[in-house]
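Have a look at the structure below before the remarks.
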Amino acid sequence: MSVNGWVQILMFFLVILAVTKPLGIYMFRVFERDQQPLPRFFGPIERGIYRLCGVDPREQQTWTQYTLAVLLFSAITLLVTYAIERLQHGLPLNPQHFDPVPPDLAFNTAASFTTNTNWQAYSGESTMSYLTQMAGLAWHNFISAAAGIAVAIALARGLTYHLRPDDAKTIGNFWVDLIRCTVYVLLPICIPVALVLVSQGIIQNFSPYVDLTTLEGAKQTLAMGPVASQEVIKEFGTNGGGFFNANSAHPFENPNPLTNFIEMVLIFAISAALTYTYGRMARDQKQGWALFAAMALMFFLGVAPAYYFESTGNPVMHGLAVDQAAGNMEGKEVRFGVANSALWATVTTDTSCGAVNSMHDSYTPLGGLVPLANIQLSEVIFGGVGSGLYGMLVYVLLAVFIAGLMVGRTPEYLGKKIEAREIKLAMLYVLIFPLVILYFSAWSVVAPYGVSSLNNAGPHGLSEILYAYSEAAGNNGSAFAGLNANTPWYNVSIGLTMLIGRFLMIVPALAIAGSLVGKKVVPASLGTFPTNGALFAVLLVSVVIIVGALTFFPALALGPIVEHFLAQAGKVF
């Protein structure tokens with residue numbers, strides 16, 4: 001590790017800290033004020049979409065109505081994307097004349113982008129037409145992100161709204177939240193930032209692919225396409241799917257250190273800012289900062305070991321006549337180096353982004369453990385846009401429940417009693433995640449069709465399978481690329497895992513919102529456990545880590561931890 005590397009990491013965090021308050025205030029105005037920002041400009045667009053879709057912005061929804069709207073909207077958009085993939089050969093903007101996407105891969109991809117996962121079991125530049133990339137995939141990058149933010153705002157309303165005699169059981173309107181998020185938050189930021197990325201060399205065109213002859217006389221094809229417009233929302237919406245198979249390691253997606261920095265900031269921006277938005281909604285800004293502090297602490301607990309183990313080089317090569325002064329550079333871009341590669345790997349797996357600027361499969365065993373563990377902590381270290389906040393709020397309820405058990409009184413949060421129903425729903429949320437990961441991982445390691453596409457045996461092969469289902473359930477989308485997941489088994493099982501990890505966790509989160517929104521607020525007393533300070537932030541971090549460790553440590557011990565000790569002994573699979 002170097003001072004320069006740590007300066008870059010700290011600079012990144014300071015920029016995130018600086019962005020959190022203004023963006024958080026802006027989103028609070030978008031979702032919780034009667035008049036949104038820049039009403040003369042955005043207002044006509046918003047009202048026009050309402051009229052086009054038949055939405056009454058004054059209508060409020062109960063949690064069941066809100067949940068049904070989320071599920072129906074997502075199901076329809078999944079079918080639309082599936083149809084575009086299957087029909088792309090006969091649709092316009094297909095200068096490469098790509099064939100229809102096979103049914104199992106089309107289902108996997110449609111499920112992936114619907115769930116904000118953007119897992120890709122294919123090479124984008126050799127599979128998807130320009131129309132599919134834009135109308136099927138980049139379009140989903142906007143609406144899946146907006147849907148996740150809407151759910152987070154709905155849960156926040158359930159926790160923070162006081163009893164109202166007129167509409168005490170309502171948590172907002174999904175259609176209004178979806179439209180406002182897209183019109184006021186995502187599009188206004190993505191359009192100018194996309195132009196900045198174009199100015200730095202990220203391509204944006206509809207040209208056919210370019211065939212050229214290299215200096216050595218070999219033939220090479222350069223893929224073209226509308227990349228910048230997809231790149232900006234894939235990061236800002238924590239989507240992660242790349243136009244190119246190499247993702248953000250490709251020079252047409254991420255050409256230089258400046259674009260690398262901008263894209264990392266985009267990944268964290270909304271998730272960090274939502275903690276400030278939540279503090280405003282709770283009418284106690286310290287509540288939001290406590291969540292931010294817990295997330296920030298876990299971020300540094302991840303980036304430090306990732307940077308350390310990648311800086312020390314590959315343990316298999318220790319003692320050999322190999323200069324590893326630059327660290328473990330396998331699978332990394334020289335223009336980013338170890339510090340920015342480890343930082344990106346931590347950032348992208350702290351959130352549900354999944355974009356990569358280096359190959360996680362080439363990391364050292366314990367360096368690669370960090371991205372895997374980040375995902376397995378339920379994607380709450382800032383997390384995906386929306387999903388990070390509502391996931392962390394579920395853990396908040398568990399933390400106050402544990403604190404209540406320790407002092408022998410009914411737990412409270414923001415003055416509302418946390419009772420058996422809320423804890424049952426919170427535990428359902430927490431248990432769905434490891435259940436689907438470990439079930440499909442165990443199935444895959446004992447089935448011939450599960451291990452047949454592995455490039456590595458032993459503990460590293462287990463890590464590849466475990467990572468695939470972890471990222472799917474966590475709606476992350478990154479990969480240990482040694483696993484060829486473009487098979488019928490993995491396309492279908494990972495597709496189902498992504499749907500379960502998204503929607504079977506949204507339902508209990510919204511049910512908690514519906515359960516709490518109508519409760520009366522109890523005045524704080526001497527026995528009330530404060531949830532807006534450093535002590536609670538530490539308790540919250542402890543709960544998240546302990547739950548994750550109790551669930552996944554046995555599997556991790558058989559994968560990256562065993563691999564580390566074998567590598568120390570000079571053995572590799």
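Going by the structure shown, is F243 over 24 Å from N108 (Cβ atoms) and either hydroxyl-bearing (S, T, Y) or in contact (Cβ under 8 Å) with a residue 60 or more places away in the chain (or both)? Show your work before the answer.
Working: over 24 Å from N108 (Cβ atoms): no; either hydroxyl-bearing (S, T, Y) or in contact (Cβ under 8 Å) with a residue 60 or more places away in the chain (or both): yes.
No.
Please specify each residue of segment 543-558 satisfying the condition of being under 23 Å from the mean Cα position of the chain (by Cα) and in contact (Cβ under 8 Å) with a residue 12 or more places away in the chain.
As a first pass, look at segment 543-558 and keep what is under 23 Å from the mean Cα position of the chain (by Cα): 543-553, 555-556.
Selection gives V543, V544, I545, V547, G548, T551, F552, A555, L556.
How many residues, within segment 416-435, are closer than 28 Å to F529 by Cα and exposed (fewer than 15 other Cβ atoms within 10 Å of the Cβ)? Working first, answer last.
We begin by selecting, within segment 416-435, every residue closer than 28 Å to F529 by Cα; these are 416-431.
Filter once more, keeping what is exposed (fewer than 15 other Cβ atoms within 10 Å of the Cβ): 419-421, 424, 431.
The total comes to 5.
Working carefully through the options A321, A296, A326, A355, find the one that is assigned to a helix (DSSP H, G or I) and of a type outside the set (K, R). It would help to see each step written out before you state the result.
Details: A321 fails: assigned to a helix (DSSP H, G or I); A326 fails: assigned to a helix (DSSP H, G or I); A355 fails: assigned to a helix (DSSP H, G or I).
Of the residues listed, the single one that is assigned to a helix (DSSP H, G or I) and of a type outside the set (K, R) is A296.
If you take the residues in segment 89-122 that are touching a residue at least 12 places away in the same chain (Cβ under 8 Å) and small (G, A, S), which one is surrounded by the fewest Cβ atoms within 10 Å (Cβ to Cβ)?
By that ranking, first place goes to A121.
Within the set of pairs 6+ apart or on separate chains, which have a first residue in segment 504-524 that is touching a residue at least 24 places away in the same chain (Cβ under 8 Å), a second that is of a type in the set (D, E) and surrounded by 20 or more Cβ atoms within 10 Å (Cβ to Cβ), and C-beta atoms under 6 Å apart?
So the pair list comes out as I512/E422; S515/E422.
In this structure, is V507 within 18 Å of P411 (Cα to Cα) and in contact with a Ser or Thr (Cβ under 9 Å, 6 or more places away or on another chain)?
Taking the combined requirement at face value, the residue does not satisfy it.
Name every residue in segment 519-568 that is assigned to a loop (DSSP other than H, G, I, E, B) and touching a helix residue (DSSP H, G or I) at 6+ places or on another chain (Cβ under 8 Å), in order of residue number.
Scanning segment 519-568 gives G527, F529, P530, T531, N532, G533.
Do the conditions hold for Y467, that is, is it closer than 25 Å to F503 by Cβ, touching a strand residue (DSSP E or B) at 6+ places or on another chain (Cβ under 9 Å) and crowded, with 24+ Cβ neighbours inside 10 Å? Explain how you work it out, then say what you get.
Numbers: closer than 25 Å to F503 by Cβ: yes; touching a strand residue (DSSP E or B) at 6+ places or on another chain (Cβ under 9 Å): yes; crowded, with 24+ Cβ neighbours inside 10 Å: yes.
Yes, satisfied.
Taking the residues in segment 370-428 that are among the small types (G, A, S), in contact with a helix residue (DSSP H, G or I) (Cβ under 8 Å, 6 or more places away or on another chain) and part of a helix (DSSP H, G or I) as candidates, determine which candidate is farthest from G559 (Cα to Cα). Write out each step before concluding.
Let us first name the residues in segment 370-428 that are among the small types (G, A, S), namely 373, 378, 383-384, 386-388, 391, 399, 403-404, 408, 415, 420, 426.
After this cut, where a residue has to be in contact with a helix residue (DSSP H, G or I) (Cβ under 8 Å, 6 or more places away or on another chain) as well, the list is 373, 378, 383-384, 386-388, 391, 399, 403, 426.
Then keep just the ones that are part of a helix (DSSP H, G or I); that gives 373, 387-388, 391, 399, 403, 426.
Working: A373: 12, S387: 27, G388: 26, G391: 26, A399: 29, A403: 34, A426: 29 Å.
If we take residues in segment 370-428 being among the small types (G, A, S), in contact with a helix residue (DSSP H, G or I) (Cβ under 8 Å, 6 or more places away or on another chain) and part of a helix (DSSP H, G or I), then A403 is farthest from G559 (Cα to Cα).
Between residues in segment 180-198 that are of a type in the set (D, E, K, R) and residues that are surrounded by 21 or more Cβ atoms within 10 Å (Cβ to Cβ), which pairs lie under 7 Å by C-beta distance while being six or more apart or on different chains?
R180/F31
Tell me which residues, restricted to segment 87-110, are at pLDDT below 90, part of a helix (DSSP H, G or I) and in contact with a helix residue (DSSP H, G or I) (Cβ under 8 Å, 6 or more places away or on another chain).
Answer for segment 87-110, where residues must be at pLDDT below 90, part of a helix (DSSP H, G or I) and in contact with a helix residue (DSSP H, G or I) (Cβ under 8 Å, 6 or more places away or on another chain): just Q88.
Each row is one residue, and each column tells you yes or no for (1) closer than 24 Å to L366 by Cβ; (2) more than 14 Å from the chain's Cα centre (by Cα); (3) assigned to a loop (DSSP other than H, G, I, E, B); (4) of a type outside the set (V, I, T).
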residue	(1), (2), (3), (4)
G461	yes, yes, no, yes
L466	yes, yes, no, yes
A472	yes, no, no, yes
N476	yes, no, yes, yes
N491	no, yes, no, yes
G495	no, yes, no, yes
V507	no, yes, no, no
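Filter segment 436-450 down to residues that are more than 27 Å from the chain's Cα centre (by Cα) and either surrounded by 17 or more Cβ atoms within 10 Å (Cβ to Cβ) or assigned to a helix (DSSP H, G or I) (or both), then give me how many there are.
Kept after step one, since they are more than 27 Å from the chain's Cα centre (by Cα), are these residues of segment 436-450: 446-449.
Those left that are additionally either surrounded by 17 or more Cβ atoms within 10 Å (Cβ to Cβ) or assigned to a helix (DSSP H, G or I) (or both): 446, 448-449.
Counting residues in segment 436-450 that are more than 27 Å from the chain's Cα centre (by Cα) and either surrounded by 17 or more Cβ atoms within 10 Å (Cβ to Cβ) or assigned to a helix (DSSP H, G or I) (or both) gives 3.
Here are F336, F309: which of them is under 20 Å from P257 (Cβ atoms) and of a type in the set (F, W, Y)? Before the answer, list the steps.
Values: F309 fails: under 20 Å from P257 (Cβ atoms).
Every option except F336 fails the conditions.
Residues in segment 123-132 that are surrounded by 24 or more Cβ atoms within 10 Å (Cβ to Cβ) and either basic (K, R) or in a helix (DSSP H, G or I) (or both): how many?
Within segment 123-132, residues that are surrounded by 24 or more Cβ atoms within 10 Å (Cβ to Cβ) and either basic (K, R) or in a helix (DSSP H, G or I) (or both) number 1.
The values are calculated or read from the model by the stated rules, or taken from the named source; none is laboratory data. Quick caveat, the model's predicted, so the values are computed rather than measured. When we count neighbours, we look across all protein chains shown, and the Cβ atoms used for this are built from the backbone with ideal geometry, even at glycine.
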